[in-house]
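S.K.: If you scroll down you'll find the structure; I have some questions about it.
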């Protein structure tokens, strides 16, 4: 149980540091989705839904762009979504590594962080 608490502590600390970048990426995804939605004559909600389905690379296919520029923007949305996911996964792996080292090797988390730098 101590590992879980340590992991959550360092994961949320990492999210706190990365939140400006992650929010910026969410704003870009939302804005590009609204641009595509306007070009494709979708509702705002459909454009928001489509942009996040595309960003998470789920891609149900129930809504899809037909215009060339919209398709190019969808590629950009998907690429930004991959980077977003990669950042969150990297934060989780880093938090797990620090938590594992501090709990199982009896080393303080502060010294683990200092050794990584």
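Every number here is computed from the coordinates shown, using simple stated rules; none is lab data. Keep in mind that this is a model prediction, so the values were computed, not measured.
S.K.: In whole percent, what relative contact order does the stretch 2-116 give with Cα contacts below 8 Å and a gap of six or more residues?
M.R.: That works out to 35 percent.
S.K.: Helix 2-40 sits at what angle to the longest principal axis of the chain, using alpha carbons and giving 0 to 90 degrees rounded to 10?
M.R.: For 2-40 against the chain, the angle is about 10 degrees.
S.K.: Any idea what % of Cα-Cα pairs in the stretch 13-67 are farther than 16 Å?
M.R.: Tail of the P(r) past 16 Å holds 45 percent of the pairs.
S.K.: Sticking with this structure for a sec: Relative to the first principal axis of the alpha-carbon coordinates of the chain, what is the inclination of helix 68-104, with its axis defined by its Cα atoms, in degrees from 0 to 90 and to the nearest 10?
M.R.: Once rounded, the angle reads 10 degrees.
S.K.: Further question on the same structure: Can you work out the base-10 log of I(q)/I(0) for the chain at q = 0.16, 0.20, 0.22 1/Å, using the Debye formula on its C-alpha atoms alone?
M.R.: The Cα Debye sum returns log10 ratios of -0.74, -0.95, -1.07.
S.K.: Using only Cα atoms, find the angle between the long axis of helix 44-55 and the longest principal axis of the chain, and express it within 0 to 90 degrees, rounded to the nearest 10.
M.R.: For helix 44-55, the angle is close to 50 degrees.
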